[in-house]
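The values are calculated or read from the model by the stated rules, or taken from the named source; none is laboratory data. Computed from a prediction, not measured in an experiment: that's the story for all the values here. Please note: Cβ atoms are built from the backbone with ideal geometry, for glycine as well, and neighbour counts cover all protein chains shown. Ligands, DNA and RNA are stripped out before the accessible areas are found, and what is left, the full protein with its side chains, is counted by its heavy atoms. Shrake-Rupley method; radii C 1.70, N 1.55, O 1.52, S 1.80 Å.
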Amino acid sequence: MGKFKEAPLGDRLGTAAAARRAMLGRFQSRSTADDPALIARRAERQAVAEARATRQAERDAERAVQEAERLIRETEARAEEARQREIAAADEIRLAAEAAVAAEQREIDQKAARDARYAARKARKARKRG
């Protein structure tokens with residue numbers, strides 16, 4: 001059995017260059033502008049891209065609507081909380097005013113009772129003297 005002979009380097013380089021030229025020739029020979037299959041593929045890709053953009057726009061619009069609704073709900077909740085705080089503050093003010101009035105009335109009643117005791121003591125002393 002004989003030895004396998006390898007082709008010289010120059011032959012191998014020439015064969016590779018010829019293969020590259022052949023591939024380039026096949027690529028260049030395709031008529032890119034007039035090829036109906038290529039035109040159909042481009043149209044299909046364009047349609048898919050437009051559909052994708054439409055779906056994305058719809059999703060973005062839906063997200064914007066949801067965000068607006070969320071902001072409205074949050075604003076309404078904050079307004080309700082503020083209203084509840086105002087009611088609570090008004091109740092506290094009313095209770096504080098009622099407590100102040102009650103305290104003032106207690107002081108008036110205590111002063112009246114003290115004055116009555118003082119007057120009674122004076123009257124007793126006056127009866128003892130007179």
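Scanning the range 108-124 turns up no residue that is within 40 Å of the chain's Cα centre (by Cα) and either touching a residue at least 12 places away in the same chain (Cβ under 8 Å) or assigned to a helix (DSSP H, G or I) (or both). Looking only at residues of the range 26-46 that are surrounded by fewer than 10 Cβ atoms within 10 Å (Cβ to Cβ) and part of a helix (DSSP H, G or I), we find that the one that is modelled with the lowest pLDDT is S29. Against the numbered list (1) modelled with pLDDT under 95; (2) open to solvent by less than 100 Å² (accessible area, probe 1.4 Å), A100 comes up short only at (1). Residues in the range 59-97 that are open to solvent by 100 Å² or more (accessible area, probe 1.4 Å) and of a type in the set (A, V, I, L, M, F, W, C): I93 only.
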